[in-house]
1. Any aspartates and glutamates with Cα under 13 Å of the residue 109 Cα? List them, leaving off those in the same chain fewer than 8 positions away.
2. So, with +1 on the Cβ of K and R and -1 on the Cβ of D and E, and no other charges, what is the size of the charge dipole of the chain about its Cα centre, to the nearest 20 debye?
3. Measure nothing but the geometry: give the 0 to 90° angle between the long axis through the Cα atoms of 76-86 and the longest principal axis through the Cα atoms of the chain, rounded to 10°.
4. Would you mind calculating the relative contact order of the chain from Cα pairs under 8 angstrom and at least 6 residues apart, reporting the percent as a whole number?
5. Amide H of residue 92: which non-local residues (sequence gap of 5 or more, or other chain) have their own amide H closer than 5 Å, using H built in the peptide plane?
6. What lysines could a cross-link reach from residue 10, if we take a straight Cα to Cα line under 27 Å and drop same-chain neighbours fewer than 8 places away?
7. Put +1 on the Cβ of every Lys and Arg and -1 on every Asp and Glu Cβ in segment 117-225; which of 216, 187, 155 then has its Cα farthest towards the positive end of the dipole?
8. Helix-only estimate, please: 222 nm mean residue ellipticity of the chain, summing -39500 (n - 2.57) across DSSP H runs of length 4 or more and dividing by its residues, to the nearest 500.
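All of the numbers you see were taken from the coordinates with simple rules; none came from a lab. Model, not experiment: these values are computed from the prediction. For neighbour counting, all protein chains shown are included, and Cβ atoms are generated from backbone atoms with ideal geometry for every residue, glycine included.
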Amino acid sequence: MYKYRAQLTKGDEIRYISHLDYAGVMERAIRRAKLPAAYTEGFNPHLKMSFASPLSLGVTSDAEYMDFELTKPLCQPEIFDKLSAALPPGIRLIKLKPVKEPKPCEGKKHKALMAEVEQGIYEVVAPLTGDWDAAVKAVEKYNGATEVNYHRVTPKKTRDIEVKQYMIEPVKIGMSGDWVKLTMNISITQTGSIKPAEILELLHNEYGLSVALGRALINRSKLMGQGKDLIDLV
């Protein structure tokens with residue numbers, strides 16, 4: 001088998017499709033591209049493909065990652081061109097690299113793609129509805145807190161999450177026109193993480209950041225492991 005890793009986007013056109021639907025779109029794109037895709041065995045075979053950390057609904061991304069396998073070797077530019085041509089609006093192929101599996105004598109295989117994820121960088125923008133200096137102070141107060149708790153409520157369970165354990169760097173604040181721009185560098189672990197929308201909610205409700213929450217836009221700019229973009233780990 002011949003394995004490849006793709007870096008893709010999730011644009012405004014499809015910000016509200018689920019992770020499962022996104023995976024379905026990519027599966028159909030590989031078929032339309034007529035690539036010699038590898039399939040699992042059994043009664044319900046499906047394409048051998050996997051994805052990194054899924055996005056929340058409404059979040060766009062410049063850093064979606066997919067590993068997929070082919071049964072025949074093709075030159076990298078041919079795969080790139082065929083797959084790019086088969087993608088719908090809202091998804092763009094940025095980079096494509098072969099995954100070089102170690103030889104049996106060299107040790108273990110690559111980790112699963114999802115297991116390689118350690119951090120994500122997000123850009124959050126929202127209209128400023130109050131004073132700029134007060135907004136800066138709100139972010140500074142949040143950054144200076146040693147412990148911050150978020151009360152997460154889901155259909156299945158309710159729990160409190162200590163947020164600061166997932167903050168790799170302090171939240172950065174800037175302005176883009178009349179919009180506040182926040183940069184969040186968040187740790188993603190196998191046991192949990194915090195969402196940028198949840199941090200924004202805390203900043204608004206607990207620390208007095210005056211922004212229009214309902215108009216906030218979130219984009220994932222990087223997804224990393226071992227301090228590198230995931231595309232550079234293969």
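1. The qualifying aspartates and glutamates are 101.
2. Working: 33 positive and 29 negative charges, 187 e Å.
Here the chain has a charge dipole of around 900 debye.
3. Relative to the chain, helix 76-86 is tipped by roughly 70 degrees.
4. Working: 424 pairs, mean separation 60.4, N = 234.
Relative contact order of the chain: 26 percent.
5. Answer set, sorted by chain and number: 9.
6. Here the lysines satisfying the reach criterion relative to residue 10 are 34, 48, 82, 95, 97, 100, 111, 172, 181, 195, 222, 228.
7. 155
8. Working: 5 runs with 52 residues, N = 234.
Rounded to the nearest 500, it is -6500 deg cm²/dmol.
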